[in-house]
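The values are calculated or read from the model by the stated rules, or taken from the named source; none is laboratory data. Worth saying up front: this structure is predicted, and the values here are computed from it rather than measured. When we count neighbours, we look across all protein chains shown, and the Cβ atoms used for this are built from the backbone with ideal geometry, even at glycine. Heads up: the accessible areas ignore ligands, DNA and RNA and are worked out on the full protein's heavy atoms, side chains in. Shrake-Rupley method; radii C 1.70, N 1.55, O 1.52, S 1.80 Å.
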Amino acid sequence: MHSLLKATKTTCYIANRIMKYLKLSGLEPLVITPESNFINVGERTNVAGSKKFLRLIKEEKFSEALEIARHQVEGGAQILDVNFDDGLLDGKYCMVKFLNLIASEPDIARIPIMIDSSKWEILEAGLQVVQGKCVVNSISLKEGEEQFIHQAKLIKRFGAAVIVMAFDEIGQADTFQRRIQIAQRSYDILVNEVQFPAEDIIFDLNIFPVATGMEEHRRNALDFIEGTAWVRENLPHVSVSGGVSNVSFSFRGNDSVREAMHSVFLYHAIKAGMNMGIVNPAMLEVYDEIAPELLQLVEDVILDRREDATDRLLQYSEKHKSVKKEVLEDLQWRENPLQDRITHALVKGIDRFIEEDVEQARQQVSRPLDVIEGHLMTGMGVVGDLFGSGKMFLPQVVKSARVMKKAVAYLQPFIEAEKDSAQKSNGKILLATVKGDVHDIGKNIVAVVLGCNNYEIIDLGVMVPADKIIQAAVENQVDVIGLSGLITPSLDEMVHIADELQSQNHNFPLLIGGATTSKAHTAVKIDPKYQGAVIHVNDASRAVGVVSSLVNQRNSDYLTNLKFDYADFREKFLSRQIQKEYLPIEEARKNKFLINWEEAEIVTPNQVGIQIIENQDLAELVKFIDWSPFFRSWELHGKFPQILEDEVVGEQAKELFHEAQNMLRDIIDGKLLQAKAVYGIFPANTVNDDDIEVYNEENETVAIFRTLRQQLKRSEGKKYYALADFVAPKTSGIRDYVGAFAVTTGFGTEDLVKKFQQDRDDYNAIMVKALADRLAEAFAEYLHQKVRKSIWAYAADENLDNEQLIREQYLGIRPAPGYPACPDHLEKQTIWELLQVKENIGLELTESLAMFPTAAVSGYYFANPQAKYFGVGKITEDQLENYAERKNMDIETAIKWLRPILAEK
């Protein structure tokens with residue numbers, strides 16, 4: 001007990017001394033550390049920042065206004081600024097209503113909210129309803145200390161962070177001296193009198209326009225930058241924010257000058273300590289790519305380096321009015337010095353001249369290896385910096401890797417001929433998709449990104465058992481092990497690997513990634529099993545920073561704090577779990593969803609039994625493709641086709657889409673992938689409430705689908721669903737039907753991928769897999785439509801466009817095992833046995849019930865008009881035992897497969 005108490009005190013001490021970071025949250029935490037990239041605040045849900053948002057709110061179209069919020073989140077905003085300060089709006093009503101709507105949208109509510117208003121009553125109303133830990137924007141000393149303290153105490157009571165404006169009883173701070181005086185005074189009051197956590201204070205030091213022609217405005221930007229540096233140096237743990245576009249108001253109408261001004265201002269402000277703010281990424285030029293003449297002129301203005309700086313920039317602006325960029329190829333960069341050319345080729349992903357430039361570099365150095373360690377790594381360092389700061393996107397980085405690999409391949413024979421020593425890497429990383437799982441797009445992307453940053457990658461591939469992972473880690477003396485998985489059984493396998501590492505006394509840091517993984521699962525299930533570092537990485541952009549911290553042997557504080565962070569997260573996660581009430585399974589069945597089968601119209605299918613499609617024409621599937629997930633697989637977030645015009649990622653999305661279309665055309669014209677399907681409609685009835693008996697034409701039972709029922713207690717009158725409710729019960733005497741299907745477009749994918757990998761072309765290797773996945777989903781959509789309109793023909797007159805299909809506006813449903821309505825992956829086995837999937841089309845199941853080839857979809861068909869998608873949610877022990885009995889399996893096996901949905905006792 002004494003040792004436990006001592007450990008707890010030590011933990012608290014270290015946490016208090018070291019971990020003074022700004023911590024915000026929506027549904028997900030946002031911890032802003034010195035290593036964090038600049039935090040971008042989305043302002044399009046501010047009525048002052050978006051005319052469209054203001055119009056929608058005035059017209060009470062809150063649902064449409066939510067789409068703007070969703071677009072901000074998908075576009076990369078890490079905090080959402082919400083403001084309703086307009087003379088014609090009831091700001092308090094709008095704030096409460098909009099925040100409540102956001103709370104019901106998990107994809108929006110996952111990021112923290114910035115409650116923004118100049119009226120205290122609106123801020124207070126927002127604080128009462130907002131979800132998670134928010135930011136209040138803002139308070140200041142303009143109404144005196146008494147009001148300032150009163151508001152700060154209330155904000156502290158609500159547990160929010162606060163933006164403090166550099167504003168006092170005299171007015172806004174517009175000089176360096178006034179900025180730091182107000183900041184110091186505000187800080188002293190908040191920290192010493194209010195006991196406000198210093199890390200929850202964010203100063204807005206007022207960004208004002210420069211180059212206005214007025215003498216008193218010359219130092220506006222420089223005073224902010226110097227004020228920021230002073231605040232970060234003298235006021236511990238605080239953050240600094242601001243609205244960047246203000247600095248360039250004098251040059252409205254000339255986007256090229258404004259973009260340069262924003263980039264230069266941010267470059268210096270971030271170096272000074274500005275760590276968050278409102279920035280439109282579409283109005284930023286890459287600092288290193290600003291024309292030298294313009295860069296000097298803008299820096300003269302921003303840093304107030306010349307008396308005539310404003311006049312000189314105005315003259316430049318007049319001569320260089322903003323024009324649309326030429327589409328023609330610009331080879332002027334070929335006139336630049338050698339290192340600049342190599343860096344440009346890597347940043348832009350141009351491999352056309354790389355061998356020529358590398359050869360020139362080889363002639364200038366003593367060893368071929370020097371070209372890699374010097375010229376190429378210098379260029380890749382620029383790529384890494386741009387990616388880490390959000391100025392390059394994943395598809396561009398993968399193209400950079402392709403150029404790098406081509407250059408290294410050219411140099412390899414020269415290196416071997418001289419028996420040169422191997423290039424020193426930043427560390428060895430072992431990556432593997434765990435046993436039973438075959439999905440690897442995410443893992444491959446992480447491998448490329450880490451490889452770009454000079455890490456040696458040992459990729460064991462897919463379906464790798466624990467013993468092989470551990471053996472390879474030991475033999476290669478790796479620095480980090482990365483585990484990937486997509487399907488829910490992979491979560492248990494990751495826990496098993498951590499357990500095995502612990503039992504063998506290893507200490508390799510573990511990276512956890514994949515679609516079904518989360519920080520919560522990692523902290524609660526994996527981290528307690530293992531003494532070594534365990535960290536969840538949810539996207540490739542974070543992998544480099546995390547791995548760098550893990551392999552840095554001098555960074556012992558990082559590893560210690562990581563363990564403390566996950567222990568703290570685990571404790572808070574477990575303590576905040578609300579005790580939920582569940583109905584016994586028999587009670588849930590008594591309150592099941594009921595259809596009036598006497599009045600229901602049962603449509604007899606035109607075809608019953610098994611049907612096979614040996615070679616589906618891929619061209620017929622293209623119009624059914626849902627492109628939004630394709631962009632997400634490349635970490636470009638947004639809804640198609642709007643993403644093509646997105647302010648942040650639109651340009652890159654257009655380029656990626658164009659290249660995807662070209663490859664898709666090659667795949668179809670060359671018949672490079674083969675699409676197969678097997679499906680069937682069968683007579684069926686529900687028996688024993690939750691089971692669906694499937695019959696052949698002789699009325700013999702050929703399969704039984706076991707379904708699971710909702711048990712979480714619902715409000716009075718609400719029903720408890722199971723998929724069996726959508727099929728007529730046998731006791732009704734009515735013959736109903738059910739369908740099942742399995743489709744794949746994956747045959748040929750591996751050969752194409754290997755071909756590209758042999759050419760060191762990761763970009764196209766990943767592109768092939770992403771397109772194969774989209775085609776498989778499109779095949780499932782195409783086949784379902786065919787079933788609805790002609791095979792089963794229960795919706796023969798359907799006339800829906802692709803957008804309506806994506807929104808699932810058709811009659812009937814096609815749920816899949818492993819998804820919310822039927823979370824048991826084991827039901828795939830029943831589909832495989834019923835349809836003879838492997839025998840008919842060669843699509844297999846792994847031992848963890850992943851489908852192989854991976855570009856595949858399987859599921860059921862239900863035709864009843866009242867059938868709908870739902871989530872089973874958690875189930876209790878009585879349903880678990882009943883389910884095991886119905887499936888004739890032991891309880892341990894049932895627990896293994898249903899563990900993710902078992903309610904805590």
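Among 659-665, 870-876, how do they line up from the highest to the lowest mean number of other beta-carbon atoms within 10 Å?
Working: 659-665: 15.1, 870-876: 18.6.
Ranked from most to least packed, the peptides come out as 870-876, 659-665.
Output the 0 to 90 degree angle, nearest 10, between the alpha-carbon long axis of helix 749-758 and the longest principal axis computed from the alpha carbons of the chain.
Helix 749-758 sits roughly 30 degrees off the main axis of the chain.
Tell me, what is the FRET efficiency for Thr33 and Asn507 to the nearest 0.05, using R0 = 22 angstrom and their Cβ-Cβ distance as r? Mind dumping the intermediate values first?
Numbers: r = 24 Å, r/R0 = 1.08.
The computed FRET efficiency comes out at 0.40.
Under the classification rounded if a/c is under 1.5, otherwise prolate if a/b is larger than b/c and oblate if not, where does the range 107-236 fall, given a ≥ b ≥ c as square roots of the Cα gyration tensor eigenvalues? Display every interim value, and only then the final one.
Values: a/c = 1.88, a/b = 1.57, b/c = 1.20.
Here the range 107-236 falls in the prolate category.
Order 765-775, 517-527 from most to least packed using the mean count of other Cβ atoms within 10 Å.
Numbers: 765-775: 24.2, 517-527: 20.5.
So the peptides 765-775, 517-527, ranked by packing, come out 765-775, 517-527.
Within 10 Å, count the other beta carbons around each residue, average over each peptide in 455-464, 110-119, 471-480, and list them highest first. Write down the numbers at each step before the final one.
Details: 455-464: 18.5, 110-119: 22.6, 471-480: 15.7.
Descending mean neighbour count gives 110-119, 455-464, 471-480.
Hey, what did the range 335-481 get for relative contact order, percent, Cα under 8 Å, at least 6 apart? Kindly include the intermediate steps, with their values, before the conclusion.
Working: 196 pairs, mean separation 35.8, N = 147.
Averaging sequence separation for qualifying contacts and normalising by length gives 24 percent for the range 335-481.
Taking 0.36 nm per residue of sequence separation and subtracting the Cα-Cα distance, how much length would be gained by fully extending the chain between Val408 and Asp626, in nm to one decimal? Don't skip to the answer; put the middle values down first.
On the way: separation 218, 0.36 × 218 = 78.48 nm, distance 3.71 nm.
Full extension of this stretch gives 74.8 nm more.
Residue by residue, what Karplus-based ³J(HN,Hα) values in Hz, rounded to whole numbers, does the range 122-132 have, using 6.51, -1.76 and 1.60 with θ = phi - 60° and x for Gly and Pro?
Taking θ as phi minus 60°, the curve returns 6, 4, 5, 5, x, 4, 6, 10, 5, 9, x Hz for the range 122-132.
Step through the residues of the range 286-292 one at a time and calculate ³J(HN,Hα) from phi using the Karplus curve (6.51 cos²θ - 1.76 cosθ + 1.60, θ = phi - 60°), rounding each to whole Hz and writing x for Gly and Pro.
Taking θ as phi minus 60°, the curve returns 5, 3, 6, 10, 5, 3, x Hz for the range 286-292.
What accessible area per residue, rounded to a whole number of Å², is obtained for the chain using a probe radius of 1.4 Å? Let's see the in-between values first.
On the way: 41100 Å² over 905 residues.
Per residue, the chain has 45 Å² of solvent-accessible surface.
Output the antiparallel fraction of DSSP beta bridges having both residues in the chain, as a percent to the nearest 5.
On the way: 42 of 86 bridges.
Roughly 50 percent of the DSSP beta bridges within the chain come out antiparallel.
Top to bottom by accessible area (1.4 Å), largest first, where do His268, His150 land?
Order by accessible area, largest first: His150, His268.
Which Cα, out of Pro528, Met494, Ala472, lies furthest along the positive dipole direction of the range 443-584 (beta carbon charges, K/R +1, D/E -1)?
Pro528
Quick one: what are the phi-derived ³J(HN,Hα) couplings along the range 838-855, Karplus 6.51/-1.76/1.60 with θ = phi - 60°, whole Hz, x for glycine and proline?
Residue by residue, the range 838-855 yields 4, 5, 7, 10, x, 7, 10, 10, 7, 5, 9, 6, 7, 8, 9, x, 5, 6 Hz.
List the residues whose amide H sits under 5 Å from the amide H of Leu22, counting only those 5 or more places along or on another chain, with H placed 1.01 Å from N in the peptide plane.
Ile32
At 0.36 nm per residue, and after removing the present C-alpha to C-alpha distance, how many nm does the segment from Glu335 to Arg306 gain when stretched out fully?
Numbers: separation 29, 0.36 × 29 = 10.44 nm, distance 3.09 nm.
Length gained between Glu335 and Arg306: 7.4 nm.
Filter the trypsin sites (Lys or Arg not before Pro) in the range 528-628 down to the DSSP loop ones having no more than 16 other Cβ atoms within 10 Å, then list what survives. Before the final figure, lay out the partial values.
Values: sites: Lys529, Arg542, Arg554, Lys563, Arg570, Lys572, Arg576, Lys580, Arg589, Lys590, Lys592, Lys623; in loops: Arg554, Lys580.
Answer in residue order: Arg554, Lys580.
Sort out for me the Cα centre separation of the range 52-84 from the range 456-519, rounded to whole Å.
41
Please list, in order, the residues from the range 680-719 whose amide nitrogen is less than 12 Å from a point placed 7 Å along the Cα→Cβ vector of Lys590.
none
If amide hydrogens are placed 1.01 Å from N in the peptide plane, which non-local residues have theirs closer than 5 Å to the one on Ser138?
Close amide H contacts, sequence-distant or interchain: Ser117.
Putting +1 on Lys and Arg Cβ atoms and -1 on Asp and Glu Cβ atoms, find which of Ile831, Thr604, Pro337 reaches farthest to the positive end of the dipole of the chain.
Positive-end residue among those listed: Ile831.
Let me have the relative contact order for the range 621-766, percent, based on Cα pairs under 8 Å that are six or more residues apart.
Working: 176 pairs, mean separation 30.6, N = 146.
This gives 21 percent for the range 621-766.
For Lys713 and Met214 in the same chain, what is the full-extension length gain: residue separation times 0.36 nm, less their Cα-Cα distance, in nm? Show your work: numbers first, answer last.
Working: separation 499, 0.36 × 499 = 179.64 nm, distance 6.71 nm.
The span from Lys713 to Met214 would gain 172.9 nm if fully extended.
First compute the accessible area of the chain with a 1.4 Å probe, then give the percent of it belonging to carbon and sulfur atoms.
Working: 19640 of 41100 Å².
The computed percentage sits at 48.
Cα gyration tensor of the range 607-731, axes a ≥ b ≥ c as square roots of the eigenvalues: rounded (a/c below 1.5), prolate (a/b > b/c) or oblate? Let's see the in-between values first.
Working: a/c = 4.63, a/b = 1.59, b/c = 2.92.
Because a/c hits 1.5 or more and a/b fails to exceed b/c, the range 607-731 counts as oblate.
Please state the shape class of the range 235-277: rounded when a/c is under 1.5, otherwise prolate if a/b exceeds b/c and oblate if not, all from the C-alpha gyration tensor. List each step's numbers first, then the result.
Working: a/c = 4.13, a/b = 2.44, b/c = 1.69.
Cα axes put the range 235-277 in the prolate bin.
About the Cα centre of the chain, what is the dipole size in debye to 20, counting +1 per Lys and Arg Cβ and -1 per Asp and Glu Cβ, all else neutral?
Working: 101 positive and 134 negative charges, 287 e Å.
That gives a dipole near 1380 debye.
Evaluate 2.2 N^0.38 Å with N set to the residue count of the range 818-905, then give the Cα radius of gyration divided by it.
Working: Rg = 14.5 Å, N = 88, 2.2 N^0.38 = 12.1 Å.
Working it through for the range 818-905, the quotient is 1.20.
For Thr378 paired with Gln607, estimate the spin-label separation in nm (one decimal), with each label point 7 Å from Cα along the Cα-to-Cβ line.
Simple spin-label model gives 6.5 nm for this pair.
Out of the DSSP beta bridges found with both residues in the range 122-273, what percent are antiparallel (nearest 5)? Before the final figure, lay out each step's value.
Working: 1 of 12 bridges.
Around 10 percent antiparallel, to the nearest 5.
Relative to the longest principal axis of the C-alpha atoms of the chain, give the angle of the C-alpha long axis of helix 394-417, reported between 0 and 90° and rounded to the nearest 10°.
It is inclined by approximately 80 degrees.
Among the listed pairs Lys838/Lys874; Lys529/Lys896; Lys348/Lys654; Lys51/Lys119; Lys61/Lys133; Lys133/Lys525, which are separated by more than 23 Å between their Cα atoms? Show your work: numbers first, answer last.
Details: Lys838/Lys874 32 Å; Lys529/Lys896 17 Å; Lys348/Lys654 15 Å; Lys51/Lys119 21 Å; Lys61/Lys133 27 Å; Lys133/Lys525 25 Å.
Listed pairs above 23 Å: Lys838/Lys874; Lys61/Lys133; Lys133/Lys525.
Please report the base-10 log of the normalised intensity I(q)/I(0) for the range 169-266, using a Debye sum with one equal scatterer per alpha carbon and no solvent, at each q in 0.12, 0.18, 0.25 (1/Å).
Values, matching the q order: -0.43, -0.83, -1.29.
When the helices in the chain are scored as -39500 (n - 2.57) per DSSP H run of 4 or longer and the sum is shared across all residues, what 222 nm value do you end up with, to the nearest 500 deg cm²/dmol?
-13000 deg cm²/dmol
Taking Cα atoms, how many degrees apart are the long axis of helix 377-388 and the longest axis of the chain, rounded to 10 and kept between 0 and 90?
It is inclined by approximately 80 degrees.
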